[in-house]
1. To the nearest whole percent, what portion of all C-alpha pairs in segment 29-241 is separated by more than 22 angstrom?
2. Measuring from centroid to centroid over Cα atoms, what is the spacing of segment 276-314 and segment 99-132 in Å?
3. Could you work out how far apart the two model spin labels at Glu298 and Ser149 are, taking each label as a point 7 Å from the Cα in the direction of the beta carbon, and quote it in nm?
4. Report the gain in length on full extension from Gln312 to Glu240: 0.36 nm times residue separation, minus Cα-Cα distance, nm rounded to one decimal.
5. Quick one: how many lysine pairs in the chain have C-alpha atoms under 27 angstrom apart, if they're 8 or more apart or on different chains?
6. Protein chains only, probe 1.4 Å: how do Met438, Met141 rank by accessible area, largest first?
7. Mind listing the long-range amide H neighbours of His374? Cut-off is under 5 Å, sequence gap 5 or more, other chains count too, H placed in the peptide plane at 1.01 Å from N.
8. Between Val191 and Ala221, what length in nm is gained on full extension when 0.36 nm per residue of separation is reduced by their alpha carbon distance?
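The values are calculated or read from the model by the stated rules, or taken from the named source; none is laboratory data. Here the structure is a predicted model, which means the values were calculated and not measured. Neighbour counts are summed over all protein chains in view; Cβ atoms, including those assigned to glycine, are modelled from backbone coordinates with ideal geometry. Calculation scope for accessible area: heavy atoms of the full protein, side chains included, ligands and nucleic acids excluded. Shrake-Rupley method; radii C 1.70, N 1.55, O 1.52, S 1.80 Å.
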Amino acid sequence: MQPIDQAFRPLAAVRAGALTGRVRVPGDKSISHRAFLFGGLAAGTTRIEGLLEGEDVLATGRAMSAMGARIEKKDGVWIVDGVGNGALLEPADVLDFGNAGTGARLTMGLVGAYDFSATFVGDASLSRRPMGRVLDPLRLMGLQVVSRSGDRLPLSIHGPRVAAPITYRVPMASAQVKSAVLLAGLNAPGVTTVIEPVPTRDHTERMLAGFGASLETTIDADGARHIALQGQGSLRAVGELTVPGDPSSAAFPLVAALIVPGSDIVIENVLMNPTRTGLIETLLEMGALIEIANRRQEGGEDVADLHVRHSQLKGVTVPPERAPSMIDEYPVLAIAAAFADGTTLMQGLEELRVKESDRLSAVAKGLEANGIRHEEGRDTLSVTGMPDGKGLGGGRVDTHLDHRIAMSFLVLGMASEKPVSIDDARMIATSFPKFEPMMAGLGANLETIAAK
Ligand code: S3P
């Protein structure tokens, strides 16, 4: 659990020959955070296999340890001894979430219904991100917040003596907000209900049910999901928990293989939960050669192996209602679109502005720097491709402490005529620590360059 060192680490990608081989991407980030959170809360021992050992998830693990959970790694398996629902301890020190929005927001929900204080800090990126979306519903349950920076980190919270269960309609498509309210509901008497007009990733619901929480999801006449959770029930450790491969990390070798001529790769064991497969759906519409093989169930989730070959892509329109199922994949979709015949229009992107960076702006600037035709709207992006990559590349991209901007533009450099460099590769460790050796193993050329 080393902290990320301080110096910028620029990196360049130089056009590669065909990418070939079989790879396994790291465990799903969303499920890994929740494995530490719920394992640390539930009474008994949970053994986690395939956990993403990225900086973000390790920060969540440290926070749960600070609140009484016992977490250790033995023979490649993470063993978590939980405290029991309602029995978290007041953390003695600040909780440092680094770059991790999911860890910070879900933990706020988890401790937001406890009558104790907790202080949340993070890096420059996390300190810019809005926390009001989580704090506002928690305030309705009785939470007090002390912040000098308008509901941004650093901030301290103190939950009420007895939390009030609420019914809350989530105003934006956000699994983090949904999850934070449900987690606060775990320590509130009575039923807490979250209404979700647009479905988002459902890992919290699935995993809480697995840990024995009593919750029920119904769909109303307008298609909105109502998730009702009975508070103050007991949570029991699940024993074994296996984390499938992260589709948001698989997206990088996947798009790289589609755009580098001659490529033919297999990405094994990728989570295929339908709330996460919007990128694959979109790429298939663009004409991508992706074979979804060996579909199976693992740890209560659908997984499959993806056989991916270099493809002639064509531009498509990606409708706004698909955004929640591929919200983290737009930066790398923009790179695929740069190699498609015609224009790809992406709609409904407002949430991209509040990710680890303003991703809409960061992607547009990176495309600009590399000679890719595009248009940035308030919540749209259109990209016009150059199928053979001719003339593309040559730019240096500012990553704004954003791992997905870093990896997306390195993927661009694997197929563009001229190399692409990024200002800083450090943040890749938050979600995909082995990205560089894995891509090099497939045949990519990544070159360290001197800091400016
Ligand atoms: C996540 C939800 C999404 C996603 C993030 C992980 C989660 O964020 O972007 O990477 O694990 O719940 P929002 O809830 O802000 O959309």
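1. The proportion of pairs with Cα distances above 22 Å equals 44 percent.
2. 34 Å
3. Result for the modelled spin labels: 3.8 nm.
4. The Gln312-Glu240 span can extend by a further 21.7 nm.
5. Qualifying lysine pairs in the chain: 23.
6. Result, largest first: Met438, Met141.
7. Answer set, sorted by chain and number: Thr384.
8. In short, 8.7 nm is gained.
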